[in-house]
Amino acid sequence: MTRLDPNPHSPHADADPQYRHLFPTPVFFPSPPPGALALAGCMALAVVPEGPLVEADPDGELPEGLCPACVTAMRGGEPPARPVSTCRACQSPTRHDGLCALCRQEAHAKWWPTRDAQSAPAGQALAPLPPEFGPAIPSKDSPYYPTQITVVCDHCGAEDTGDYMVREDMTRAERLAVARQRLVETKGWESTADGDDFCPEHAAPST
Ligand SMILES: [Zn+2]
Ligand SMILES: [Zn+2]
Ligand SMILES: [Zn+2]
């Protein structure tokens, strides 16, 4: 039985470092690029391994070393509830232990090119999934991948958390702008030019 190596190490990942985490790859979403910090099935952030992404059969026999919560999510179960805290860098509410997904991805993108200069912990090599794990998904060249963004009502504190398509080279502000615009267009939120957001209940009636 194959035992998978954990995902590549990043000091900015918050997924359990002893497991290989799985990334949901919805049909219409391109795969996250190798080396990116992306949201895994267990709702924690892990680094996408090098090599072709492979599709796992949820009902087939799975290799050892996989994150149990990712497997549960892949099989249609609920990922574990993660406690909400406040991001120490941008004060957004987050389920990523005191540093939000955007701030972690931003820090990771800066750190990643410098990683060779630092010593990675043993056993955290960039190993692709073994070929017998399943058929390869044709790799897509799109630089976009999904990330989790929370927008907060500046009046009542109501939160809306969703997955949005972002590029690795987008700044935190640009990523947040994607989420704010989507909420305005689809959910009746209001987004003001000076950076305030209001939930549908507290949005000014559109004129
Ligand atoms: Zn996981
Ligand atoms: Zn943050
Ligand atoms: Zn509100």
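Every number in this text was worked out from the coordinates using simple rules, so none of it is lab data. Note that the structure is a prediction, hence the values are computed from the model and not measured. Methodologically, a virtual Cβ is constructed for each residue, glycine included, from the backbone with ideal geometry; neighbour enumeration extends over all protein chains shown.
Take the Cβ atoms of His202 and Thr161, set R0 to 25 Å, and the FRET efficiency comes out at 0.90. A protection proxy built from the mean count of other Cβ atoms within 10 Å ranks the segments 87-100, 175-188, most packed first, as 87-100, 175-188. Sorted on the mean count of surrounding Cβ atoms within 10 Å across their residues, most packed first, peptides 193-199, 15-21, 32-38 read 32-38, 15-21, 193-199. With a cut-off of 15 Å between beta carbons, the residues surrounding Val178 carry a summed charge of -2, where Lys and Arg count +1 and Asp and Glu -1. Distance between the 7 Å Cα→Cβ label points at Arg75 and Asp116: 4.1 nm.
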